[in-house]
Structure formats: C-alpha cells, structure tokens
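Undergrad: A single structure is presented below for examination.
The values are calculated or read from the model by the stated rules, or taken from the named source; none is laboratory data. Model, not experiment: these values are computed from the prediction. Because the Cβ atoms are built from the backbone with ideal geometry, glycine has one as well, and the counts that use them run over all protein chains shown.
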Amino acid sequence: MSTHPPPQTGLDASDIILYYLEQIGCDYIFGIPGGAIEPLYDALARSSRRGGIRPVVARHENGAVFMADGYARQTGRLGVCCATTGPGTTNMITGLADAHQNNVPLLAISAQTPLPTFGRGAFQESSCTGIDTVNMLQHCTRYSTLVSHIDQLQHKLITAVMTAFHSPRGPVHLSIPLDVMRQKLPDGTPRFDLPKLLQTPHIVDPEKTTALLEDIARARRVAIVLGGGCGEAIGAILAFAERLDAYLITTPHGKGLVNPDHPRYRGVIGFAGHSSARAVLTAAEVDLIIAVETNLSEWASGGWSETALLNERLVHIDSVSENLTRSPMARLHVRGHVLAIFEEIMAQMEAAGANDKQAPKPLPPITAEDTPRFSLDEETKCLSDATPIKPQRLMHELNQRFPANTRFFADTGNSVAWAVHYLQPKERRSHNRRGVNGGLFRTSIEFSSMGWAIGAAVGAALAYPDGPVVSITGDGSFLMSGQELSVAVAEQLSVIFVILNDHALGMVKHGQRLAGAESIAHQLPETDFAALARAMGAEGIIIHSPQDMQALDIETLCSRQGPTVLDVRIDAEEVPPMSLRVQGLRRENERRRTVVG
C-alpha cells in the first residue's frame, strides 16, 4: 500500500474518506457497488491507479463485513466495508452485530439517496423518513450517524474511527447521501492527523499492580486464564507465568496463543474445553486465578461457573471496563493496557529481587502429580482409521499436516466445537511482542454467526500473504455463505476451506438429541461441495478417509494461486464436545417448565 499523495484542494467527500483511511494503513474496502455509492467507487478507482486502497467485491454485503472483520483481526488495523442504500445496508446488520459482540474495529460506510429525495419514496430509500438504517445500526455499532452536509464529514469520520478503537473497540457506521458524497471540501485540504489522534497512552495503575503482587506473594499456586485480547502481551505473560511456575489456561478466544506442548498449559476453559483445565481451576491448591483480557461470557467461563472461575480467588486484568462488570466477585480488578501492566509487574518483581526486598518468590515447581496434564476427550479417536473419517481424526490431521504459521478460522456450529477441543495449532515463536494478530486460531463465538469463518478467512488471507489460511466450516454454513468462495477465486487467495459435511445442521441435531428434544428440522440434502467448488473456479477434493487426508499434497495446496475446498465426509454420528451448550439448553428448559408449572 502506498502513502497518500499530498492533499489537493477541491477534494470531494469520497476522496477525503480515502485520504484518512490511507493515513492509518487501510489496504482494502470490502463491499458491493451500487448507484447511490458510486462516488466512493469512483474515488477507489483513482486510489487503485496510484497503488492505494482498492475495492474487494463481495458476493453479499454480510460477507463483506465478515471479510473486513477477518482483515481487522489479522492486522490489528481498521477493517472497512461499504454498501449502497436500502437493502445493501440492511444486509450488513448481522456482520456488524457480530463485530460488536467480538470488539472488532470496523468502519461501515453506507449510502443514502440524495437529501432532497428524503421522504418522497425514492428507490431504495433508507432515510429517517423511510427504512431508517442509521437508527437500525445504532443497536449493533458503537457509533452510527448521518453525514448530512460536507462540513460535517471530517469531524464525523474522525469521531467514528477514534470510537472504533476506543475501549471497548467495535464497529462504527457513517451513512452518506449521494449528493453529499459528490460535494467538494469547501475549505481546501484535509485538516487532521488521524494516526496521531489514535495514539493512546499505556495506562498502568501502580496501586493495583502493587496489590496484585501482594496477592501473588501470598498464593500457594497461580493459574492464568488468557482471553483473546492477549496477543500483544503474550510474550510478557508467558515470561510472568514461567517466573511463577503458574498454570496456563485459555478461553476459546485465547486458543492458539500458547503452544499446547508448553509444560504449564492445561487447555481451554469454557465451550468445548478440556477437563484438565477445569481440574486446575477447581484444585484446592490453586488459590489465585488471574484472568486476562476476557469478557467472561457464557462460553468463556464454563457457563458462568462459580466453582471453576467466578469466585473470590479471581483477579481480573483487562483493558475494557465493560469486561470487568462481568466479574464483580473478583478480589481485584486491574484495568489498563495489558502489555504495560505485565511489563510493570515484571519490572517491580525484578527491582524487589535486586534490592533484597520482599518479592513474590517462584512457586513450587509443577509436577506430574499436581494436576492432570493437558489431555483430550476420546483421544484414541484422533488416530482412528475408520471411514467415514472421524472429526477427531480430521482435526489431528490438520494439526499435523499444515505448517506452523497457518491461521485457522473456525465457524459456528459443530466446526467450532471440534476445533476448540481437538485442533491444537502449535505456536513456535519466541517470547516477543507479536502484535494483536499473535494468535493462530480465530473464532466468533459471542454472536456466533454462521458463515463468519468463510468471509473472515478471505479478509485475513488478503492481509496475510506469508502463510496459509484455513477456514473450518460446516455444510450448513457453506450453503448459507459459500458464495464468498468466488471472491477467493477472483483474488487468487490460497485459502483452504475445510467443510465438515454431515448433511445436517450438526449442532442442532446433536443438541436436540442430547437435550432430549424432538429431532426435527436439522436435515440437509447431500451436497457435492467439491463439484460446487470446481464450478466456481476453485480446486475441489472429496475426503472420505484418513488415507485421503494423508494423500493430500499440503505444500501444493498452501502455495497454489487460488482456493481449495476439502469436502470432508465426516462420521455424522460422532457427538461434538458441546456439553456446556446442552447444559444451557437444559437450564432454560427447566426454567420454562417451572414458569409454566
């Protein structure tokens, strides 16, 4: 991406938007063109010619949001998507809601019909006098506003981008009428330095860090629970854990930040998690639990488990105040920039040790007798040679066959359950600053939109040319959003789409069985996704058995210019590790019976 040339006078609104987005390193705008948003695409054509921001044409506006989401998660930069007025804008709602619940910084730009047409029944009108999209999107963004004249544009754009990166991060929305988008900037050139405005101080509360050190000094054994926001700080956190010989556990979002072979790692707590993680958190000798950058939602806290996590042993460290409201029972809250907090803690520990002052001493070394080592349920099935291939064996093959720098995206449904529990990407980098994109595993379990991993993998692949991207999805999700495969074809991206094909909405099917509900409405037609992929210009391969997986030339798949679909015919009777979800359904059923009774 090139630097924007010196600003010219007489720029129109669309050029101004691109000028500021180029300032902060945006490479792409994901969207679908239309008449009302044509000026933005005119500006993108000018930008593309000079090597600046270029458009990526999605197949559905929701897919465009998912692509911007994947791009943002991979780069740590702002993801940008756009849509025309009316249905183009309403099609973005689910993706923006997903980004809102997962704190992903996105800018959505939508068009409106010209201002003089408001209230007159214009084609696809979505103004305040019609289908009010600005108001609709207020409920799934951090900021949603109409730019009603050119003099507002710079201030509202700056406000939107700054809000997207404020704590909590999230999506923002600017709605711009067609005539305003064509207007020229009246006062000449853009006025603001956006990168400078986005710089935030790394705040640390020394009183709270001192209190934390006192808690550590009194502890018999410490467990650290890592959330998805620990990417930038993971090196410092691992050094801290090793100094204390503390256990390491992740939430589903934090998975992929710690090598599963790490001697202190005990697995995932929460949805599709590991019994070894729960054993640590319920062990009598673990009297201090430090949760870092996690919202402690249902799926990240073992169904709000008071026994394992949400109790007086908890210390919650987070940069997001909203997350801290989920842990009122914690003995201590430490709010601030997480990397700065752990660097300060380590510095204080070093200083105390150097001055022979009382400092936290390393805890007794972890031994094999302390708690069970990290382990998987039904681990023998990871090596099963049965046909059709068992999902456990499929995850094992993905672990073993793909390069260490692979980015995995797991979709909602059975896909995420199998991946959270059995997929174990191995982080082999040293303890250094890795940036916010430090993790090898991404999911979207808060809002849990089906098809998210399809678009997100495309956006991530555009931002990550140095390694393969794997989207683990289901046949239900692919039938819902699989058209975005053709974007990967058009962009010649080496994304590997692994489709768990069991001709069913698998989580629905198994959830009904486990919860004792009626077995209904989960069936899907048997579909040849490999043939569908070839029809769209991608490589398509059917996988029936472990031998089929082993016959794949992974190096070629990862290096080819274009996507590959692996249509994996899994054993449809294998039950995914989703007991947490089933417990939630049972609790709700019991509550309803009580109310009715």
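Undergrad: Within segment 500-522, how many residues are over 27 Å from the mean Cα position of the chain (by Cα) and either over 15 Å from MET578 (Cα atoms) or small (Gly, Ala, Ser) (or both)? Explain how you work it out, then say what you get.
TA: Let us first name the residues in segment 500-522 that are over 27 Å from the mean Cα position of the chain (by Cα), namely 512-521.
Imposing the further condition that a residue be either over 15 Å from MET578 (Cα atoms) or small (Gly, Ala, Ser) (or both) reduces the set to 515-521.
The qualifying residues number 7.
Undergrad: Has segment 195-210 got any residue that is in contact (Cβ under 8 Å) with a residue 24 or more places away in the chain and touching a Pro at 6+ places or on another chain (Cβ under 6 Å)?
TA: Within segment 195-210 (the criterion being in contact (Cβ under 8 Å) with a residue 24 or more places away in the chain and touching a Pro at 6+ places or on another chain (Cβ under 6 Å)), the answer is no, since none of the residues qualifies.
Undergrad: Just to check your reading of the model, which residue among ALA64, ALA45, ALA36 is within 30 Å of GLY256 (Cβ to Cβ) and in a helix (DSSP H, G or I)? Spell out the reasoning first.
TA: On the way: ALA45 fails: within 30 Å of GLY256 (Cβ to Cβ); ALA36 fails: within 30 Å of GLY256 (Cβ to Cβ).
Going through ALA64, ALA45, ALA36 in turn, the sole match is ALA64.
Undergrad: Does ALA490 satisfy the condition of being among the aliphatic types (A, V, I, L, M) and in contact with a Lys or Arg (Cβ under 8 Å, 6 or more places away or on another chain)?
TA: Numbers: among the aliphatic types (A, V, I, L, M): yes; in contact with a Lys or Arg (Cβ under 8 Å, 6 or more places away or on another chain): no.
For ALA490, the condition - among the aliphatic types (A, V, I, L, M) and in contact with a Lys or Arg (Cβ under 8 Å, 6 or more places away or on another chain) - is not met.
Undergrad: When only residues in segment 126-142 that are assigned to a loop (DSSP other than H, G, I, E, B) and under 21 Å from the mean Cα position of the chain (by Cα) count, which is farthest from VAL104 (Cα to Cα)? Spell out the reasoning first.
TA: In the first step, residues of segment 126-142 are kept if they are assigned to a loop (DSSP other than H, G, I, E, B); the result is 126-132, 139-142.
The next check asks that each one be under 21 Å from the mean Cα position of the chain (by Cα); those that pass are 139-142.
On the way: HIS139: 15, CYS140: 12, THR141: 10, ARG142: 11 Å.
Going through the qualifying residues, I end up with HIS139.
Undergrad: Search segment 222-247 for residues being outside any helix (DSSP H, G or I) and among the hydrophobic types (A, V, I, L, M, F, W, C), and hand back the single one that is farthest from ASN323 (Cα to Cα). Talk me through it step by step, then tell me what you get.
TA: Taking segment 222-247 and keeping what is outside any helix (DSSP H, G or I), we get 222-227, 231-233, 245-247.
Add one more test, that the residue is among the hydrophobic types (A, V, I, L, M, F, W, C), and what stays is 222-226, 233, 246.
Numbers: VAL222: 21, ALA223: 19, ILE224: 17, VAL225: 14, LEU226: 13, ALA233: 18, ALA246: 23 Å.
Here the residue is ALA246.
Undergrad: Check ARG59, ARG120, ARG50 and return the single one that is farther than 17 Å from TYR143 by Cα and either in contact with a strand residue (DSSP E or B) (Cβ under 9 Å, 6 or more places away or on another chain) or at pLDDT 95 or above (or both).
TA: Details: ARG120 fails: either in contact with a strand residue (DSSP E or B) (Cβ under 9 Å, 6 or more places away or on another chain) or at pLDDT 95 or above (or both); ARG50 fails: either in contact with a strand residue (DSSP E or B) (Cβ under 9 Å, 6 or more places away or on another chain) or at pLDDT 95 or above (or both).
When all the criteria are applied, what remains is ARG59.
Undergrad: A further question follows. Out of PHE441, PHE478, PHE447, PHE408, which single residue is surrounded by fewer than 18 Cβ atoms within 10 Å (Cβ to Cβ) and not small (Gly, Ala, Ser)? Show your work before the answer.
TA: Working: PHE441 fails: surrounded by fewer than 18 Cβ atoms within 10 Å (Cβ to Cβ); PHE478 fails: surrounded by fewer than 18 Cβ atoms within 10 Å (Cβ to Cβ); PHE408 fails: surrounded by fewer than 18 Cβ atoms within 10 Å (Cβ to Cβ).
Sole residue among the options that is surrounded by fewer than 18 Cβ atoms within 10 Å (Cβ to Cβ) and not small (Gly, Ala, Ser): PHE447.
To keep it simple, each residue is scored yes or no on (1) at pLDDT below 95; (2) at positive phi; (3) outside any loop (DSSP other than H, G, I, E, B); (4) hydrophobic (A, V, I, L, M, F, W, C).
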| residue | (1), (2), (3), (4) |
| --- | --- |
| GLN154 | no, no, yes, no |
| LEU157 | no, no, yes, yes |
| MET162 | no, no, yes, yes |
| ILE176 | no, no, yes, yes |
| ARG191 | yes, no, no, no |
| THR209 | yes, no, yes, no |
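Undergrad: Those residues that are surrounded by fewer than 24 Cβ atoms within 10 Å (Cβ to Cβ) and touching a residue at least 12 places away in the same chain (Cβ under 8 Å), I need them from segment 463-475; list them, please. Spell out how you get there, then give the answer.
TA: Within segment 463-475, the first condition is being surrounded by fewer than 24 Cβ atoms within 10 Å (Cβ to Cβ), and the residues that meet it are 463-468.
Listed by number, the residues that qualify are ALA463, TYR464, ASP466, GLY467, PRO468.
Undergrad: Out of all the residues in segment 23-33, which are assigned to a strand (DSSP E or B) and more than 19 Å from the chain's Cα centre (by Cα)?
TA: So in segment 23-33, the residues assigned to a strand (DSSP E or B) come out as 28-31.
Listed by number, the list holds a single entry, GLY31.
Here is a yes/no grid of residues against (1) modelled with pLDDT under 85; (2) assigned by TED's automatic domain parsing to the domain that holds ALA236:
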| site | (1), (2) |
| --- | --- |
| ARG335 | no, yes |
| THR367 | yes, no |
| GLN400 | no, no |
| PHE409 | no, no |
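Undergrad: Right, next: Pull out all pairs, ordered by first then second residue, where Cβ-Cβ is under 8 Å, the residues are six or more apart or on different chains, the first lies in segment 62-77 and is assigned by TED's automatic domain parsing to the domain that holds VAL104 and surrounded by fewer than 24 Cβ atoms within 10 Å (Cβ to Cβ), and the second is hydrophobic (A, V, I, L, M, F, W, C) and outside any helix (DSSP H, G or I).
TA: GLY76/VAL436; ARG77/ILE24; ARG77/CYS26
Undergrad: How about segment 184-217: which of its residues are surrounded by fewer than 16 Cβ atoms within 10 Å (Cβ to Cβ), in contact with a strand residue (DSSP E or B) (Cβ under 8 Å, 6 or more places away or on another chain) and more than 30 Å from TRP299 (Cβ to Cβ)?
TA: Within segment 184-217, just LYS184 meets the criteria.
Undergrad: Only residues in segment 558-573 that are farther than 15 Å from PHE402 by Cβ count as the first member; pair them with residues that are at pLDDT below 95 and not in a loop (DSSP other than H, G, I, E, B), Cβ under 8 angstrom, at least 6 apart or cross-chain, and list the lot.
TA: Short answer, once both residue conditions are applied: ALA572/GLY506.
Undergrad: Still on this structure: Can you tell me which residues in segment 240-257 are free of Cβ contacts under 8 Å to residues at least 40 places away in the same chain and farther than 30 Å from THR412 by Cβ?
TA: Going through segment 240-257, the residues free of Cβ contacts under 8 Å to residues at least 40 places away in the same chain turn out to be 241-242, 248-250.
If the condition is that a residue be free of Cβ contacts under 8 Å to residues at least 40 places away in the same chain and farther than 30 Å from THR412 by Cβ, then ALA241, GLU242 are the ones that fit.
Undergrad: Within segment 83-125, take every residue that is touching a Gly at 6+ places or on another chain (Cβ under 6 Å) and assigned to a loop (DSSP other than H, G, I, E, B) and give me the one that is nearest to ILE29 (Cα to Cα).
TA: THR84
Undergrad: Grab the strands (runs of 3 or more DSSP E) fully contained in segment 252-335, keeping just those with 3 or more residues being buried (at least 20 other Cβ atoms within 10 Å of the Cβ).
TA: Details: elements: 265-268, 288-292, 314-318, 332-335.
So the answer is 265-268, 288-292, 314-318.
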